[in-house]
Amino acid sequence: MSNLKPADYITVAMARLINDGERVFHGVASPMPAIAIQLAKKLHAKNAVYVSIAGGVDAVPTDYSSVSTADASLAEGALAPFTLADIFDLSARGALDVAFLSGAQIDGAGRLNLSAIGSFEKPKVRLPGGAGSAALLPTVKRGILWKTTHDKRALVDKLDVVTASGNTEFVVTPLAIFKKSEQDNQLKLYSLLPTAKIEDVIENTGFPIEKHQEFHEFPRVTDEEIQYLEEIDPKGVRYSEFS
């Protein structure tokens, strides 16, 4: 599968982290998680329940937008409406299993910065803010974070601003998958994506790299996974996250 791109590996990796029967959410600007949820529901997590910021339960979109993942098309085929306020309430009651989130910076504890680069009072760059992350990451059962870049500016030793902190379990990047260790609550290297070597991860990560006790080789992407990826996302909207 040498023709696979980072977006393919990340989408497949995120799909594999979804368990059958879980209630799964993604926010705005999230083509890869949106497609990953549909991929998981086609394969091993047929009873997962999909709720999105577009406002529906178990929608089955026939198209994706590279401009907005709050687009009404994401609610296509939904069994019932489900507002963003409903999602926050679901998570606050401990009934949301997975939330896919991201940020400008992620640190070794799996915390997010979506607020500012530099000091909050006089930032070098003012970021869009936490939106729902600050409410969801502490309350969701499992936070799965992703980044389309893997360098020391994105994966940092210390956040410039802590926007959200809480129940991060996994972080997925173009190079690797990290999983939080129960021993010290820090991210450890869980698996290398096929395009990366451990030296790449060490060189491009701002926090110390240690292998997770469950570290393993990334299983080969199957023909079935690729077939469903192409059926779900024939226009390749997943690649837009890298453009």
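For the range 1-131, dividing the convex hull volume of the Cα atoms by the residue count gives 150 Å³ per residue. Modelled label positions at Ala85 and Asp200, each set 7 Å beyond Cα in the direction of Cβ, lie 4.6 nm from each other.
In the distance distribution for the range 24-96, Cα-Cα pairs more than 16 Å apart total 43 percent.
So what is the diffusion coefficient of the range 74-192 in µm² per second by Stokes-Einstein at 25 °C and 0.890 mPa s, using a Kirkwood Rh over Cα pairs? Before the final figure, lay out each step's value.
Values: Rh = 15.0 Å.
Translational D for this selection: 163 µm²/s.
If the cut-off is 15 Å between C-alpha atoms, which aspartates and glutamates fall inside it for Lys122, apart from same-chain ones fewer than 8 positions away? Qualifying aspartates and glutamates at Cα under 15 Å: Asp160.
When Rg and the Kirkwood radius Rh are both evaluated on Cα atoms of the range 79-120, their ratio Rg/Rh stands at 1.12.
For the pairs Lys158/Lys179; Lys124/Lys179; Lys42/Lys180, flag any whose C-alpha to C-alpha distance is greater than 20 Å.
Working: Lys158/Lys179 18 Å; Lys124/Lys179 31 Å; Lys42/Lys180 27 Å.
Table pairs above 20 Å Cα-Cα are Lys124/Lys179; Lys42/Lys180.
In this structure the amide hydrogen of Asp107, modeled in the peptide plane, comes within under 5 Å of the amide hydrogens of Val156, none closer than 5 places in sequence on its chain. List the lysines whose Cα lies under 16 Å from the Cα of Lys235, skipping any in the same chain that are fewer than 8 positions away. List returned: Lys5. Over the residues of the chain, the helix contribution to mean residue ellipticity at 222 nm works out to -6000 deg cm²/dmol, using -39500 (n - 2.57) for each DSSP H run of at least 4. From the alpha carbon centroid of the range 206-220 to that of the range 1-65 is 23 Å. Based on a Kirkwood Rh over C-alpha pairs, give the Stokes-Einstein translational diffusion coefficient of the range 164-243 at 25 °C and viscosity 0.890 mPa s in µm²/s. Value of D from the Cα-based Kirkwood radius: 169 µm²/s.
Less than 5 angstrom separates the built amide H of Ala29 from those of Thr69, Ala70, all sequence-distant by 5 or more or on a different chain. In a reduced charge model with +1 at each Lys and Arg Cβ and -1 at each Asp and Glu Cβ, the range 1-153 shows a dipole moment near 560 debye about its Cα centre. Residues Tyr228, Tyr239, ranked from the fewest to the most other C-beta atoms within 10 Å, line up as Tyr239, Tyr228.
So for the chain, Kirkwood radius off the Cα pairs, Stokes-Einstein at 25 °C and 0.890 mPa s: how many µm² s⁻¹? Could you put the intermediate results ahead of the total?
Details: Rh = 18.0 Å.
The estimated diffusion coefficient comes to 136 µm²/s.
Ordering His216, Ala109, Ala36 by Cα displacement along the dipole of the chain toward the positive end leaves Ala109 in first place; charges were set at the Cβ atoms of Lys, Arg (+1) and Asp, Glu (-1).
Every number here is computed from the coordinates shown, using simple stated rules; none is lab data. Given the structure is predicted, the values throughout are model-derived calculations rather than measurements. Here the Cβ is made from the backbone with ideal geometry for all residues, glycine too, and neighbour counts use every protein chain on show.
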